[in-house]
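The values are calculated or read from the model by the stated rules, or taken from the named source; none is laboratory data. Only a predicted model underlies this, so the values are computations on that prediction, with no experimental measurement involved. Note that each Cβ is placed from the backbone with ideal geometry, even for glycine, and that neighbours are counted across all protein chains shown. What goes into the accessible areas is simple: the full protein's heavy atoms, side chains included, and nothing from ligands, DNA or RNA. Shrake-Rupley method; radii C 1.70, N 1.55, O 1.52, S 1.80 Å.
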Amino acid sequence: MTEPVLSVRDLRVEFVTRRGVLKAIDGVSFDIAKGEVLGVVGESGAGKSVTGSAIIGLIDPPGRIAGGEIWLSGSRIDNLPPEEMRKVRGKRIGMIFQDPLTSLNPLYRIGEQLVETIQTHTDLSASAARRRAIELLAEVGIPAPERRIDGYPHEFSGGMRQRVVIALALCAEPELIIADEPTTALDVSVQAQIIALLKRLGRERGTAIMLITHDMGVIAETADRVAVMYAGRIAEIGPVRDVVQNPLHPYARGLMGAIPTLAQDADRLVQIPGSMPRLSAIPPGCPFHPRCPHAWERCTVDRPAPLPHGASQVACHLYDRNDPTAEAHQRMTHPPAEEGVAA
Ligand code: SF4
C-alpha cells in the first residue's frame, strides 16, 4: 500500500479554561491518499475546523495538541518548531477558507500576491513567476488572466476571488490542501463550479484534499471518502457512496436524511432532536446517546471504539459482533433522552 499523504493518529486537542480542560478533539484518526478528497462533515461544534487547524499548526492558546501524531508524506509535523511549521504551511499544505479575503490582501494586485508566493517557494525569476501566475489563473478558470492578473481583489466577484485563492494555494504545488467551508459564502451556481474545480485539480495534480463542510450535498458531490464527526470524534468514516447511501451510525443516518438541496440551509438537523453537546458537557459513554433512538444502558457508560464494517469504520455498539444484544437494539427504537441525561 502506498504511503498516505496525510496520516492523523489518535489526535487530541484540549482547551484549558478556568472551568477545566475541554476536550475539543478526542482520539481522531484518519488518512488521506494522494489525489483523494476526504470530506469531513458534522454540525457546528463537531470539531471539523479544529482538526484542520491542528493539522496546519494553528491552534491558538488556550488550545493545545494534547496527544496523538500528525504525519505528512511520512514525516511527523505536529512536533515541529513554529518556524519550521510555518514553512510546511505555505509550501506543503495549501489552505482555502470560507472568506477569500482571509487569504488575499485587498491593498495589493492579485498578480503581486501570486508572484510573491511563487517566488517564496521556488527559484523562479520575477518574469517566470508572473508567467506561472498567469498559467495558474487560467488553470482555475479566470478569464483573460493576462489582463486580470493586474486587478485588485475587490475587482473580482466572490466566486472569482475564491478561484484566485485556489490559485494562491496551488502556487507552491502543495501535497495537501485543507479547504474549510470553501463554498459556503458563494451563490449556489458558483458553489458547484468551485466544487468541480477543486475535484478536478485534486485528480490532475495528485493533491490530497481535506474538505471541511457542514453541507452533506457538497460532500456527496465532491468527496471520495467521508468522515462524519460528532463531539470531537469520528462517528463513521468510509467511501462516500456507502456513507451517503447506506449510513451505519445513527447520527450519520440522521445527517444523510438531512441532505439539503444546495439552496437550503444545512446548518441544523431536522431529523435528530436535540443539539451537539457543549464541550463542557459531553456525555459519558457514547456522546450521541442522549439523541440516539437506539441507545441502551451500555451506550451511557461505554465509549464505542471504531469497528470495521465493510469498507467503513463505525464507532457504535450496534455493530459490536461480540455483544449478543446489539442486533436486537438495531431493531428497537426509543425516544431520545433529555439532553445531557442518560438514556
Ligand atoms: Fe451511540 Fe449507542 Fe446510539 Fe450507537 S446505539 S450511536 S453507541 S448511543
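Heavy atoms only, probe 1.4 Å: what % of the accessible area of the chain goes to carbon and sulfur, would you let me know?
52
Testing the spin-label approximation: label points 7 Å from Cα along Cα→Cβ at ARG109 and SER125. State their distance in nm.
1.9
About the Cα centre, and with charges only on the beta carbon of Lys, Arg (+1) and Asp, Glu (-1), how big is the dipole of the chain? Nearest 20 debye, please.
240
Counting other C-beta atoms within 10 Å, and keeping those with at most 16, which DSSP coil chymotrypsin sites (Phe, Trp or Tyr not before Pro) do you find in the stretch 47-144? Display every interim value, and only then the final one.
Numbers: sites: TRP71, PHE97, TYR108; in loops: PHE97, TYR108.
Passing both the DSSP loop test and the Cβ count: TYR108.
Near LYS199, which lysines are there with a Cα under 25 Å away, not counting those fewer than 8 places off in the same chain?
In chain and number order, the partners are LYS34, LYS48, LYS91.
Taking θ = phi - 60°, what integer Hz values does the Karplus form 6.51 cos²θ - 1.76 cosθ + 1.60 yield along the stretch 129-144, in sequence order, with x for Gly and Pro?
Those phi angles translate into 5, 5, 4, 5, 5, 5, 4, 5, 4, 5, 4, 8, x, 7, x, 6 Hz.
Work out the charge dipole of the stretch 124-248 with +1 on the Cβ of Lys and Arg and -1 on the Cβ of Asp and Glu about the Cα centre, then indicate which of LEU124, ILE195, VAL226 is farthest towards its positive end.
The residue sitting most towards the positive pole is LEU124.
Compute the accessible area per residue over the chain, keeping the other protein chains in place, probe 1.4 Å, unit Å².
So the chain comes to 46 Å² accessible per residue, rounded to a whole number.
Please give the length that would be gained between ARG64 and ARG147 if that part of the chain were fully extended, namely 0.36 nm times their separation in residues minus their C-alpha to C-alpha distance (nm, one decimal).
This chain segment gains 25.4 nm when fully extended.
Taking the convex hull of the Cα atoms, report for the chain its projected area averaged over all directions, in nm².
Seen from a random direction, the Cα hull of the chain projects 18.2 nm² on average.
How big is the antiparallel share of DSSP beta bridges in the chain, given as a percent to the nearest 5? Mind dumping the intermediate values first?
Details: 31 of 49 bridges.
Of all bridge pairs located within the chain, approximately 65 percent are antiparallel.
Net charge around LEU211, counting only other residues with Cβ within less than 12 Å of its Cβ (Lys, Arg = +1; Asp, Glu = -1)?
Local net charge: -3.
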